[in-house]
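Inspection log for the structure reproduced underneath, given as structure tokens.
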Amino acid sequence: MIRNTIDRCVETVTAHHHIVVVVMLLVTAGMIVGITNAEIGDEEGIGGSIETPVEQREQYIQEQYGQQQADDESLARAPAYVYAEDGNALSKDALLTTLEYQEAITDDERVDESLADEGVLSVAGLVGERAAEDPDATLDEQRAALEELDDDEVAALVEETISEDQRAGLLVPDSYEPGTASAESHQLIVVFESDDPEPPSDAQQALYDAAADHDDPEIFTLGEHAGEDLASTNVENTLFLIVPIVLGLIFVVAALTYRDPVDVLVGVTGVFVSIIWMFGLLGWAGIPVGASAVIGPVLIAGLSIDYGFHVFMRYREQRGPDEPIVPPMRRGVRSLALALGLVTITASIGFLSNVFNPVPELRELAVGITLGVVAAFIVFVTLVPALKLSVDRLLERVGIDRRKEPLGHGAYIEPLLNGTVALARRAAPAVIAIALITAAAGGVAWTALDEEAGQGPDGDVAEWKQDLPGPVGWEENEVIQNQEYVSDEFRTASDSEGDRVQFLVEGDIASDGALTAVDDGIESGFETGAFAEQRADMIQSPVTVIQTVAAEDDEFAETVAAADTSGDGIPDSNLESVYDHLFEVAPEAATQVIERTDGEYESLRVIGPPEGTSGIAPGDDEADELFAVADEMEAETDDDLTATPVAGVTEQQQTLETITDGILQVMVVGVAAVFVALSLIYRRVHDSATLGAVTAGPIALVLGFVVGGMALLDIPLTFLTALLISLVIGIGVDYNIHISDRFAQELERGNDSISALSTAVTGTGGALFGSMLTSVAAFAGMLIHPQPDFTHFAWLVVLALLGAFVTSVIVLPSLLYVWARHVGSIELREASQIQTPPAETGDD
């Protein structure tokens, strides 16, 4: 029944190819309309909607401690940075330049109309107020007062201001040496009235424009418009350097493999139509595009290229020397449609296995890519064959011969492909054993992969990329370097507790030694570099609150001393009475760091330095160092306490761990689902469930090869790479089905196993080689992109394609050979006995 349905569909497409082309183009126009209805989706990004234990503890802090905001929630802040390379950004001239910048922005109506009463906070302003001896001095008065002072007098004022005014201390970089009047940079904060977390866009534009007028010292911002400038530069760089290389490689390799420019154009048309259909279907179905906008087209393009190669090569293989164009296309598509259908079904199962992923964005992506896979199948069994027939008929009418030799039957490729068949015949067990050992080693490497929340643009671009002529040369953008510098040197100047690292300690917090454990954990943070030494005075904990109150209240000091058995100033016994007394004499301070509900003490809170690498050690180890501080707090009490570090970096790490755990679940479910599906389908189509199982098995090998390749290439697990690994199942099953389905067809025609294997590998393997080579060339072109996410994306797809190809033409033939010898012969004999009726006997 399945084959009859396929035959009728193929007959319609080939007999009425002109009508099919027109109908498909009309449907494509409808898909374009659907694209206009597509929703981009939320802006949280991948993993943004996952609720982690850290996020839960953050919500708990907000609920139980009533997180205090030092400023009105209707305020938004925009920082600007003053940087004097090889100079002093706190010199008299630099401070005067800063005041000029302040005057320029405050005089701009785009800033003035939403500027809050707090105005602009800067070191220059604070020093200027002291110079003018008037805290309400205008900018003109501040500038005039500074101009009257000599350099030494200004330096003395700078030292005095930073040491005495905590606000000034928040504005200098971490590299600033206390007690000096020199720093290579400082920040100024512009405060706006805004209901949104971000300052008004027009105001940010004004700050960005005014900063461009200063280069000695340099003033820059990192707000919305700096980001837009960076994005614009990256797009231009990619369009002028990466895209031409990728397209050039695709067309060069396609021309070499297709050896026919017309077929290249027809195939590329099918690729673009498939991508249009994917986005159109998403639009009509009301499914947010989200991550499908980037990953979807790439994967669908790779799959479409594969479909196209098989359609064209099977047509070439079927067409005889004097045969017209329609019959061989009909035979070719008829023999191929089932394999393409199997690829579509199993690839869809592989992608749809992500519906079990805990990340909602990945579930939407799975649906989006699956729609693209189905679209590619429809396009390449209808539009592409019909368009190919229409074009070839037109060209042959004007005397152009359209007969071409299929890839895989050439003087160079055919011997190589036949070599894999000979290898299967002579050493199949060895090939299978080596493949299993290699894949297993790769799978073990999963535990050794580094985990990183994400990787931003790389500020270091090779000189040869920048030296290329004209617009092709990679244009550097200072925003990346500025972002890296600010990340290393500055923290938020906001006093909001929500912008600071916090630790929530739960359990028996009144047990002896609980406060000592918390304090020891904090001290370990300074020892390991989790906290910068110069930020020690910014940490607020139950211990610091108790010591502060004890210094001011003699009676409470006696209570603390009575509970301090070690004499270190930290109560380590009878803590409940200490807490009771603290709530009695300083309830406001106590409620900030100790949770009390109905007289019971539930948790402790530590408020650390501001988030950002200024208060926390920079680099990818931030989260690990904060978790280590929490572990130290727990270890000191034999795990009677549970400590959770609440910060952006720790939440990101737990989100990534959730994703990677989900990926493992997805891979197990996906491989199992494909295994079952292929077994059932092959049982229905080829009367052999075991052949389906043999076809599905190598998917696990491809996964092992990809993970092993990641370890060798030092590719970390990020949100993006973890996502792509989960999609490898859909890629890895493709090539295997083409080989095994062709092998089964040849066996059904009565060929022996070696002849069937040779025909399958050389006939189908050639198309697989062309498809793999074209796709690999395209992604290899992306490897010159300086952004790590781009190169890792390219490497993973290349590894998946190479792994799938090697598995299909080297490992799978050995598996099929062993199957044919030990299992297949029995199944085929039984199927033949069932399908072949006994011969009739008559009376002679």
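Rule-based calculations on the coordinates, nothing more; no lab input. If you're wondering where the values come from, they're calculated on a predicted model, not measured in any experiment. Backbone-built Cβ (ideal geometry, glycine too); neighbour counts: all protein chains shown.
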Please state the relative contact order of the stretch 276-431 as a whole percent: Cα pairs under 8 Å, 6+ residues apart? 30
Computed ³J(HN,Hα) along the stretch 202-207: with the Karplus parameters 6.51/-1.76/1.60, θ = phi - 60°, integer Hz and x for glycine or proline, the list is 4, 5, 4, 4, 5, 4
Efficiency of FRET from Cβ geometry, Ala672 and Leu712, R₀ 30 Å, rounded to 0.05: 0.60
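Magnitude of the Cβ-charge dipole of the chain, K/R +1 and D/E -1, about the Cα centre, nearest 20 debye?
Details: 37 positive and 141 negative charges, 2484 e Å.
Here the size comes out at about 11920 debye.
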Cα-based Rg / Dmax (Å) for the stretch 112-157: 11.5, 38
Angle, helix 123-132 long axis vs. longest principal axis of the chain, Cα atoms, 0 to 90°, nearest 10? 20
The simple spin-label model distance between Thr106 and Arg167, using points 7 Å out along Cα→Cβ, in nm, is 1.1
Taking every pair of distinct Cα atoms and averaging 1/r, then inverting, what Kirkwood hydrodynamic radius in Å comes out for the stretch 70-227? 15.7
For labels at Ser573 and Ala441 in the simple 7 Å Cα→Cβ model, what's the distance in nm? 6.1
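For the chain, what is the mean residue ellipticity at 222 nm derived from helices alone (per DSSP H run of n ≥ 4: -39500 (n - 2.57); sum divided by total residues; nearest 500 deg cm²/dmol)?
On the way: 34 runs with 536 residues, N = 844.
The helix contribution divided over the chain gives -21000 deg cm²/dmol.
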Would you list which lysines come within 22 Å of Lys404, measuring only between C-alpha atoms, while excluding same-chain residues fewer than 8 positions from it? Lys388
Would you mind counting up the charge near Arg403? Only other residues with Cβ under 11 Å from its Cβ, with Lys and Arg at +1 and Asp and Glu at -1. -3
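Which FRET efficiency value, to the nearest 0.05, is calculated for Ala448 and Glu55 with the Förster distance at 45 angstrom and r the Cβ-Cβ distance?
Values: r = 28 Å, r/R0 = 0.62.
Efficiency computed from Cβ-Cβ geometry: 0.95.
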Assuming 0.36 nm per residue, please report the length gained on full extension of the stretch Arg397 to Val585 beyond their Cα-Cα distance. 57.6 nm
Which whole-Hz couplings ³J(HN,Hα) result when phi for each residue of the stretch 424-429 is put into the Karplus expression 6.51 cos²θ - 1.76 cosθ + 1.60, θ = phi - 60°, listed in order with x for Gly and Pro? 5, 5, 9, 9, 4, x
For helix 139-148, report the angle its Cα long axis makes with the longest principal axis of the Cα atoms of the chain; keep it between 0 and 90° and round to the nearest 10°. 70
Ignoring GluC sites (Glu not before Pro) buried by more than 11 other Cβ within 10 Å or outside DSSP loops, the longest site-free run in the chain is 134-839
Mind checking the angle between helix 224-237 and the chain's longest principal axis? C-alpha axes, 0 to 90 degrees, to the nearest 10. 30
Quote to one decimal, in nm, the extra length available between Asp322 and Glu133 on full extension: 0.36 nm per residue of separation minus the C-alpha distance between them. 57.9 nm
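By how many nm would the segment from Asp260 to His18 lengthen if fully extended, with 0.36 nm per residue of separation less the alpha-carbon distance? Don't jump to the answer; show the numbers that get you there.
Working: separation 242, 0.36 × 242 = 87.12 nm, distance 2.19 nm.
The Asp260-His18 span can extend by a further 84.9 nm.
Assuming a viscosity of 0.890 mPa s and a temperature of 25 °C, what translational diffusion coefficient in µm² per second does Stokes-Einstein assign to the chain, Rh being the Kirkwood radius over Cα pairs? Before the final figure, lay out each step's value.
Values: Rh = 31.5 Å.
For these conditions, the coefficient is 78 µm²/s.
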Can you pull the one-decimal nm distance between simple spin-label points at Leu468 and Glu11, each 7 Å off the Cα toward Cβ? 5.3
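Within a Cβ distance under 11 Å of Glu584, other residues only, what is the Lys/Arg minus Asp/Glu net charge? Can you show the working numbers first?
On the way: positive: none; negative: Asp553, Glu555, Asp580.
My count for the surroundings of Glu584 gives -3.
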Phi-derived 3J(HN,Hα) across the stretch 385-397 with the Karplus relation (6.51, -1.76, 1.60, θ = phi - 60°), rounded Hz, x for Gly and Pro, is x, 5, 5, 4, 5, 5, 5, 4, 4, 5, 5, 5, 5
Let me have the relative contact order for the chain, percent, based on Cα pairs under 8 Å that are six or more residues apart. 18
